[in-house]
Amino acid sequence: MRLLNLLKIAFKAIILNKTRTLLTMLGIIIGVASVIAMLAIGEGSKESIRTTISAMGSNMITIRPGSDVRGGVRQERSAMETLTLNDYYAIKEQANLLTYITPLVNGGGQVINGSNNWPSTIYGVNPTYLKIKITELQSGSMFTDAEVQSAAKVALIGQTVVDNVFPDGQDPVGQMIRFNNIPFKIIGILEEKGENTFGQDQDDVVIAPYTTVQKRILAIDHLESIIASAISEDDAPEAVTQVSEILRKQHKLTETEEDDFHVRSMEELISTFSSTSEMLTILLVAVASISLLIGGIGIMNIMYVSVKERTKEIGLRMAVGGKGSDILMQFLIEAILISITGGILGVLLGLSSTVFIEKFLNWPTSIALYSIIISFAVCAITGIFFGWYPAKKAAALDPITALRYE
């Protein structure tokens, strides 16, 4: 029996039992759609995280105090005072793989303008901060090194602060605000950036000279962190090593002593979040794959029923010269057709679901071509694996017994 005839017979058998075939395909359709949608969500979240972190500066390096044990009690990083201005100057002078570097101190408080007020965070930095964070000014200008040295009471504010303390549309540049009752003159408005992937409002900020924030807001002389920018993203790992060596020497740590600081690049942060997202994606795909298994079992059961119902037909085909291999191929092709048709419908449903998720749920998605290829491969394997045993049973039937079957 030629392959074309076998395909016609298998297709006719599927058409004659449309409802049963559709119900058989249901597990495959849902499984394939779920796998495609879950992988799209996983890939979309990874891309979104990478884009968000890269927007902060893909070659940015952050130096923070390390935790320590004092009197048997482990201290939090925020309680540590191991970073100083001397560390900042040492890194600035000795690290040749960095382009920009700034101290950073920050604190929360109330921004007040007349009867309007808004809770926000003030960041104390130097003028290179905007270049490290890849942030532009919407209007006004950045404060100068001279204003940092004199601890001038000048500040830049984000759009969220503007909207809440200047609701009448007045131009904030040149106006006075108070932060925790300390007066600041607004000299610039930051470019609007919106929320990042982690739900943080990047426009809810006040930026001032770090000396001003240290002396007038926080009353401290240590640094809460130092941020820098490596020459390039490729140089970031080596820059991290270089900064660590400078700080160990600066803090006079011996070879056996642990670092009392943490130096991290954005690439490490991207890698950490991506691996977490990847684990969740694998879990979701594993759950979705159960539908494919159920769909395969459904195909096997229906093929068993089909063999029973068509026992006389099988006997007749064998009686007129049909071989066991022809019967095996006939039922195997039927199972594969059901699987592949279910796979096509599953892909269409999966793509539609992905579009729906992105448009109406506002979740980031990215359809991976390999998810469609894998789904089709699994469909074909499912059809062969779960269709082979019933087909083999049909091929092994005795023609005489099959003709007498009631």
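The values are calculated or read from the model by the stated rules, or taken from the named source; none is laboratory data. Quick caveat, the model's predicted, so the values are computed rather than measured. Ideal geometry is used to build each Cβ from the backbone, glycine not excepted, and the neighbour counts take in all protein chains shown. Protein only, heavy atoms only, side chains kept; ligands, DNA and RNA dropped before computing areas. Shrake-Rupley method; radii C 1.70, N 1.55, O 1.52, S 1.80 Å.
Just to be sure before I move on: is Ser48 of a type in the set (Ser, Thr, Tyr) and either in contact with a strand residue (DSSP E or B) (Cβ under 8 Å, 6 or more places away or on another chain) or at pLDDT below 70 (or both) in the structure I sent?
In short, no.
Give me the pairs, please: first residue somewhere in region 375-395 and in contact (Cβ under 8 Å) with a residue 40 or more places away in the chain, second residue anywhere and not in a helix (DSSP H, G or I), beta-carbon distance under 9 Å, and either six or more positions apart or on two chains.
From region 375-395, the pairs are Ala394/Arg310; Ala395/Lys323.
Please specify each residue of region 218-235 satisfying the condition of being more than 12 Å from Ala95 (Cα to Cα) and crowded, with 21+ Cβ neighbours inside 10 Å.
Result: Leu223, Glu224, Ile226, Ile227.
Of the residues Ile134, Ile177, which single one is open to solvent by less than 60 Å² (accessible area, probe 1.4 Å) and either aliphatic (A, V, I, L, M) or closer than 29 Å to Thr82 by Cβ (or both)?
After ruling out the rest, the residue left standing is Ile177.
In region 192-217, how many residues are open to solvent by 80 Å² or more (accessible area, probe 1.4 Å) and not aromatic (Phe, Trp, Tyr)?
The number of residues fulfilling the criteria is 5.
Tell me yes or no: at least one residue of region 110-126 is surrounded by fewer than 21 Cβ atoms within 10 Å (Cβ to Cβ), touching a Phe, Trp or Tyr at 6+ places or on another chain (Cβ under 6 Å) and assigned to a strand (DSSP E or B).
Checked region 110-126: no residue is surrounded by fewer than 21 Cβ atoms within 10 Å (Cβ to Cβ), touching a Phe, Trp or Tyr at 6+ places or on another chain (Cβ under 6 Å) and assigned to a strand (DSSP E or B).
Please verify whether region 158-171 includes one or more residues that are under 30 Å from Leu247 (Cβ atoms) and either in contact with a Leu (Cβ under 8 Å, 6 or more places away or on another chain) or surrounded by 14 or more Cβ atoms within 10 Å (Cβ to Cβ) (or both).
Taking every residue of region 158-171 in turn, none turns out to be under 30 Å from Leu247 (Cβ atoms) and either in contact with a Leu (Cβ under 8 Å, 6 or more places away or on another chain) or surrounded by 14 or more Cβ atoms within 10 Å (Cβ to Cβ) (or both).
Regarding region 73-87, can at least one residue be identified that is surrounded by fewer than 21 Cβ atoms within 10 Å (Cβ to Cβ), within 28 Å of Val213 (Cα to Cα), of a type outside the set (S, T, N, Q) and modelled with pLDDT of 80 or more?
Yes, region 73-87 contains a residue that is surrounded by fewer than 21 Cβ atoms within 10 Å (Cβ to Cβ), within 28 Å of Val213 (Cα to Cα), of a type outside the set (S, T, N, Q) and modelled with pLDDT of 80 or more.
Could you please find all residues in region 3-45 being small (Gly, Ala, Ser) and either touching a Leu at 6+ places or on another chain (Cβ under 7 Å) or farther than 19 Å from Glu313 by Cβ (or both)?
Ala10, Gly27, Gly31, Ala33, Ser34, Ala37, Ala40, Gly42, Gly44, Ser45
Given the conditions (1) under 35 Å from the mean Cα position of the chain (by Cα); (2) within 30 Å of Leu328 (Cβ to Cβ); (3) modelled with pLDDT of 80 or more, report the number of the one that Leu22 does not fulfil.
With (1) under 35 Å from the mean Cα position of the chain (by Cα); (2) within 30 Å of Leu328 (Cβ to Cβ); (3) modelled with pLDDT of 80 or more applied to Leu22, the lone miss is (1).
With respect to Leu292, determine if the residue is within 42 Å of the chain's Cα centre (by Cα) and at pLDDT below 80.
When the stated conditions are applied, Leu292 passes them.
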